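Note sheet for the following structure.
The values are calculated or read from the model by the stated rules, or taken from the named source; none is laboratory data. Note that the coordinates shown come from a computational prediction; the quantities given were computed from them, not determined experimentally. Virtual Cβ from ideal backbone geometry, glycine too; neighbours counted across all protein chains shown. Protein only, heavy atoms only, side chains kept; ligands, DNA and RNA dropped before computing areas. Shrake-Rupley method; radii C 1.70, N 1.55, O 1.52, S 1.80 Å.
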Amino acid sequence: MQKIEVFGANKLKGTVKISGSKNASLPILAATLLSRNKIKLKNLPKVRDIETMIKLIQTLGSKVNFKNNQLNINNNNQTKKFASYNLVKTMRAGILVLGPLLAKFGFAKVSLPGGCAIGTRPIDIHLKALSKLGASYKIIDGYVHAMAPQGLKGNQIRFSKISVGATENLILAASLAKGITILKNCAIEPEIQDLINFLNKAGCKISWLSKRTIKITGVKQINEINYSVMFDRIEAGTYLIAAALTEGKIKIKDVDPKIIQTEIKTLKKIGAKITSNNNEVNIIGKKKIKNLNIKTAPYPGFPTDLQAQIMVLLCKADKKSVIKEDIFENRFMHVAELNRMGARIYTQGNKAVVNGETKFLAAELMATDLRASVSLVLAALNAKGKSIINRIYHLDRGYENIDKKLKKLGAKIKRIN
Ligand code: EPZ
């Protein structure tokens, strides 16, 4: 298993190019199943979750060719409807093929995603909403057998809870349903807008009726298109936090600053100097880091996917901060490892009290989930001496070339087999 070795502490300086968004690419890859044509996708990040999703659509019959972050897909004989456990278990977003397969074939057999380090990850909201479109389903041996022999029919649906995945699955299913579907209490993450942009460019008819209400008029099929995926706002936020943490000075490129306003405002409050123009953000980290209480929330609130990273920064603050994780039930897996590096963080349920004035100590560490593992890299950048981070396959699920990008910014980091 590969490891990462980091010699801290040093300041990060320079420019980093932000890759395409993993969480926009995954639903868009699932959306390609709606097509019986050719599709070209650009700016896909070369990360494990994307490779897994490409493998999944390939097992479903898509002909694919992935190189230089570009994917050519030919679906003229994509006919399979079975998504197996061994691919879905490692990447929960595999459940996003359920909506398109059901819409296209009136039948789908998809493995239940199962839980993971950060929570049970149920799909009850997805399934309840799909039934509202006329689907019926049974759970047999850990698989969802979903059927809509008369095809899906448009309907009014209100999600009981804001869910990114359920909103995406229903947009996909309703795109080919007969008639009009209204989805209420939708998630409004930018990745959902990117999915809608992709589908509308392919001939779908999707529009926002209000802040969290979407109207979808079903179409017969989607057309051949070329599409370039948006930037990864969580990767961008991670590098901004890395700069603030190391009193660094970096420019992040190929981003839309309007989309990461919450992150920028939060970092300015904590103590970084940030300026931005149309596709880049410049940040200068300051010596004095101020404490700040943070609560994760659905977009446009503070993203749960940056909670572990901002926690590392708040360990360096002048006073204590409180972080509330309001999205997932168990997303403090990074706390034990950070405390082994000298942090003094105490958790109680979904609340973490983060004491400040931490002097991070280098250590041998264990990554547990994608965002927790990057928080260990951040802490290691700030710890004097050599840290080793094990199980970095978690990192490679969602960060493209993170060691190369950090090295280019002056970090002493190397991947060891
Ligand atoms: C997406 O996960 C992201 N993944 C997650 O990023 C992100 O943390 C999450 O949204 C929240 O922003 C992708 O986009 C591939 P949810 P998703 O459905 O869709 C509960 C990363 O690190 N829920 O919005 O699974 C659920 O348990 C990953 O890149 C139900 O109860 O998130 C959670 O507590 C991690 N029933 C809450 O809702 C359901 O049917 C939000 O989940 C669905 C969800």
Looking only at the range 133-151, count every residue that is open to solvent by 90 Å² or more (accessible area, probe 1.4 Å), away from the ligand (no atom under 14 Å from the Cβ) and either hydroxyl-bearing (S, T, Y) or without any contact (Cβ under 8 Å) to a residue 24 or more places away in the chain (or both) and tell me the total.
2
Within the range 162-207, which residues are hydrophobic (A, V, I, L, M, F, W, C), outside any helix (DSSP H, G or I) and either away from the ligand (no atom under 16 Å from the Cβ) or surrounded by 22 or more Cβ atoms within 10 Å (Cβ to Cβ) (or both)?
L176, A177, I180, I182, L183, C186, A202, C204, I206
Does I270 meet the test of being under 23 Å from the mean Cα position of the chain (by Cα) and not assigned by TED's automatic domain parsing to the domain that holds I196?
no
Hey, can you tell me all the residues within the range 79-93 that are in contact with a Gly (Cβ under 7 Å, 6 or more places away or on another chain) and loosely packed, with under 15 Cβ neighbours inside 10 Å?
T79
For the range 285-314, what are the residues that are more than 16 Å from the ligand (Cβ to nearest atom) and closer than 26 Å to S163 by Cβ?
N293
Exactly one of N43, N10, N72 is over 22 Å from L176 (Cα atoms), of a type outside the set (A, V, I, L, M) and modelled with pLDDT under 95, and that one is N10
Going residue by residue through the range 389-400, is there one that turns out to be away from the ligand (no atom under 14 Å from the Cβ), open to solvent by less than 70 Å² (accessible area, probe 1.4 Å), within 12 Å of I4 (Cβ to Cβ) and in contact with a helix residue (DSSP H, G or I) (Cβ under 7 Å, 6 or more places away or on another chain)?
yes
Would you confirm, using the coordinates I've provided, whether K104 is charged (D, E, K, R) and within 15 Å of the ligand (Cβ to nearest atom)?
no
Which of the residues that make up the range 274-285 are exposed (fewer than 14 other Cβ atoms within 10 Å of the Cβ) and either at pLDDT 95 or above or within 23 Å of K211 (Cα to Cα) (or both)?
T275, N279
Single unsatisfied condition, L130 versus (1) modelled with pLDDT of 95 or more; (2) within 14 Å of the ligand (Cβ to nearest atom); (3) open to solvent by 20 Å² or more (accessible area, probe 1.4 Å):
(3)
Looking only at the range 401-413, filter to residues that are out of contact with any strand residue (DSSP E or B) (no Cβ under 7 Å at 6 or more places or on another chain) and part of a helix (DSSP H, G or I); which one of those is surrounded by the fewest Cβ atoms within 10 Å (Cβ to Cβ)?
K404
So V64, is it within 19 Å of N226 (Cβ to Cβ), away from the ligand (no atom under 11 Å from the Cβ) and either of a type in the set (A, V, I, L, M, F, W, C) or more than 18 Å from the chain's Cα centre (by Cα) (or both)
yes
From the list N76, N65, which residue is surrounded by fewer than 16 Cβ atoms within 10 Å (Cβ to Cβ), over 26 Å from E235 (Cα atoms) and not charged (D, E, K, R)?
N76
Kindly list the number of the only condition in (1) part of a strand (DSSP E or B); (2) farther than 28 Å from S25 by Cβ; (3) in contact (Cβ under 8 Å) with a residue 60 or more places away in the chain that fails for Y346.
(3)
Using the structure shown, decide if K268 is within 25 Å of P190 (Cβ to Cβ) and either open to solvent by less than 60 Å² (accessible area, probe 1.4 Å) or away from the ligand (no atom under 16 Å from the Cβ) (or both).
yes
Scope the range 236-263; condition farther than 16 Å from V16 by Cβ and under 19 Å from the mean Cα position of the chain (by Cα); matching residues
K258, I259, Q261, T262
Could you check, for the range 47-54, whether at least one of its residues is open to solvent by less than 30 Å² (accessible area, probe 1.4 Å), within 16 Å of the ligand (Cβ to nearest atom), touching a residue at least 60 places away in the same chain (Cβ under 8 Å) and over 19 Å from the mean Cα position of the chain (by Cα)?
no
Taking the condition of being more than 23 Å from L176 (Cβ to Cβ), open to solvent by 20 Å² or more (accessible area, probe 1.4 Å) and in contact (Cβ under 8 Å) with a residue 24 or more places away in the chain, how many residues in the range 99-127 meet it?
6
